[in-house]
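Chemist: Just passing along the structure, written as structure tokens.
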Amino acid sequence: MAIVSRLTILIGLWCAWQHVHGETLPWLTQFNSHGEPRPRNDGARHGRCDREDEYPIYSATASEHQDPRFVTVEGTKLKLGCRTLKFGGSNTYQLMERGMDGSEGQARVRTLLDEHVKLGMEVVRTWTFAYYWDKALQWAGGSYNEDAFRALDYAIDEAGKRNLKLIVALGDMWCEPEGVSTMISWCGGSWEGDFFTMESCKDMYKDRIASIVERVNTITGLAYKDDPTIMAWDIINEARYKYAGHCTLRNWFGEMAAYIKSLDNKHLVTTGEEAFYSTTPDGYWVNPDYWSPDEGQDFIADHTISRDIDFLVIHMWPDNWLQDAVSWQDKVTFTKDWVDVHIAQAAELGMPLVIEEFGKEIRNNENVEIRNEIYRAVYDAAEESAKNGGPVVGTMFWYLSDEVYSDPDGWSRGGYHVALSDQSTLGLIERHSRSMANAGESESSC
């Protein structure tokens, strides 16, 4: 049993490393030996994609929604009834897994959600997939774990009691129990590209989507698709398809977005991607490294394939995308450039932008102030945009931890999590969350 337990922990650690590092190691830095950004590259290596504009549009606009409990889109704004919703939030991905640990786990779920309310956060991003095999939602194609679903039911119900909104990721690129590397074996595929191209794999993933979206909560009696606690669906967390150009992922996003909206047009949909550039001249230069354009993503192309994709998202991981030799000051500079470029392009597109994941690694209480500098860089840019009518509507740091035991992508005191005892960082989070909420209130018509 000890061997099995240790193996489970190792698998969890590897899955976590994949999530925050990606599958490709960034061997080269964005900055040259003088600390200057690499020269711009027009990146125009791909032409127009086939199948553009062919996807049916199911998205409901704000004017079509009569139920004020659901979040809708109006230009670059998120609306919640008469409110303009601008928020500070977190990734608290582990709610489903925590909820499977009996009454103690459910108490941890409540503690984490209570902390969001205390800090003025309004939106939580969470997962429908697990780090550990025994807590996976899906065990094989068409085979689901009812215990995991009931834990997800509990998390959604408890979030609703606190008037919190959820962004729910429907699947994952990385985690072995039910990530792409595992799912391809369930649908007859042999490598990651098959997941995005084989009809059997797409049909299997649609079955997963439907099983989640149409799930009837055993506590509330509401189907997830009818529950206003849910704000949005992430199609998948951090999809990548190496060396295939950007068209394959773009078309896949369009197909999956249309499918989700055919089941549920009450909730918003977005990609869940990191937001690298492969075709955009004005964004290509800000990619973190030479490998980024070959991961199959393109921020603009992926989010504009269909109007069924309602808002833009970006992720930001300077520790993982840049070389270790890059100074923390350069990481702060990269953070500012990455966020600023995406904000400018979101404004041009006229779509809301959520900075959906960002984080800074610390170990043994080292570099807490450097982490705070990364957070400040994100928060300052977001608040400036929010207060001046720009496209940023929310930020979500990675991640809030109850610190009861070591999480798989952190140590007892370290990694990427923000513990409930991290007062300096929590102070930043609270100030930012209330600043964003105030910016939204100033634009509300209530």
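The values are calculated or read from the model by the stated rules, or taken from the named source; none is laboratory data. All of these numbers come straight from a predicted model, not from anything done at the bench. Cβ sites come from the backbone with ideal geometry, for glycine too, and all protein chains shown count toward neighbours. Areas reflect the complete protein model, heavy atoms only, side chains present, ligands, DNA and RNA absent. Shrake-Rupley method; radii C 1.70, N 1.55, O 1.52, S 1.80 Å.
Chemist: Just to verify a result, which residue in region 106-151, among those that are small (G, A, S) and within 24 Å of A232 (Cβ to Cβ), is modelled with the lowest pLDDT?
Modeler: A130
Chemist: Is it the case that some residue within region 218-229 is surrounded by 19 or more Cβ atoms within 10 Å (Cβ to Cβ) and either more than 20 Å from R150 (Cα to Cα) or aliphatic (A, V, I, L, M) (or both)?
Modeler: Checked against the condition, which is being surrounded by 19 or more Cβ atoms within 10 Å (Cβ to Cβ) and either more than 20 Å from R150 (Cα to Cα) or aliphatic (A, V, I, L, M) (or both), region 218-229 yields no hits at all.
Chemist: Now for a different question. Name the residues in region 142-168 that are open to solvent by less than 10 Å² (accessible area, probe 1.4 Å), more than 17 Å from D226 (Cα to Cα) and either in contact (Cβ under 8 Å) with a residue 12 or more places away in the chain or under 19 Å from the mean Cα position of the chain (by Cα) (or both), would you?
Modeler: The answer is A148, A151.
Chemist: Hey, does region 312-328 have a residue that's among the acidic types (D, E), on the phi < 0 side of the Ramachandran plot and open to solvent by less than 40 Å² (accessible area, probe 1.4 Å)?
Modeler: Yes, region 312-328 contains at least one residue that is among the acidic types (D, E), on the phi < 0 side of the Ramachandran plot and open to solvent by less than 40 Å² (accessible area, probe 1.4 Å).
Chemist: Sticking with this structure for a sec: Count, please, the residues in region 342-369 that happen to be more than 24 Å from G440 (Cβ to Cβ), within 20 Å of the chain's Cα centre (by Cα) and surrounded by fewer than 24 Cβ atoms within 10 Å (Cβ to Cβ).
Modeler: Adding up the residues that qualify gives 1.
Chemist: Only one residue in M204, M198, M183, M173 is among the hydrophobic types (A, V, I, L, M, F, W, C), open to solvent by 40 Å² or more (accessible area, probe 1.4 Å) and in contact with a helix residue (DSSP H, G or I) (Cβ under 9 Å, 6 or more places away or on another chain), so which one is that?
Modeler: M198
Chemist: Name every residue in region 152-207 that is of a type in the set (F, W, Y), over 19 Å from Y399 (Cβ atoms) and at pLDDT below 95, in order of residue number.
Modeler: W191 - this is the single residue of region 152-207 that is of a type in the set (F, W, Y), over 19 Å from Y399 (Cβ atoms) and at pLDDT below 95.
Chemist: Residues of region 378-399 being assigned to a loop (DSSP other than H, G, I, E, B), open to solvent by less than 10 Å² (accessible area, probe 1.4 Å) and more than 18 Å from D234 (Cβ to Cβ), which ones?
Modeler: Answer for region 378-399, where residues must be assigned to a loop (DSSP other than H, G, I, E, B), open to solvent by less than 10 Å² (accessible area, probe 1.4 Å) and more than 18 Å from D234 (Cβ to Cβ): just P391.
Chemist: Got a sec? Which of I236, I260 is more than 15 Å from D298 (Cβ to Cβ) and touching a Ser or Thr at 6+ places or on another chain (Cβ under 9 Å)?
Modeler: Answer to the check: I236.
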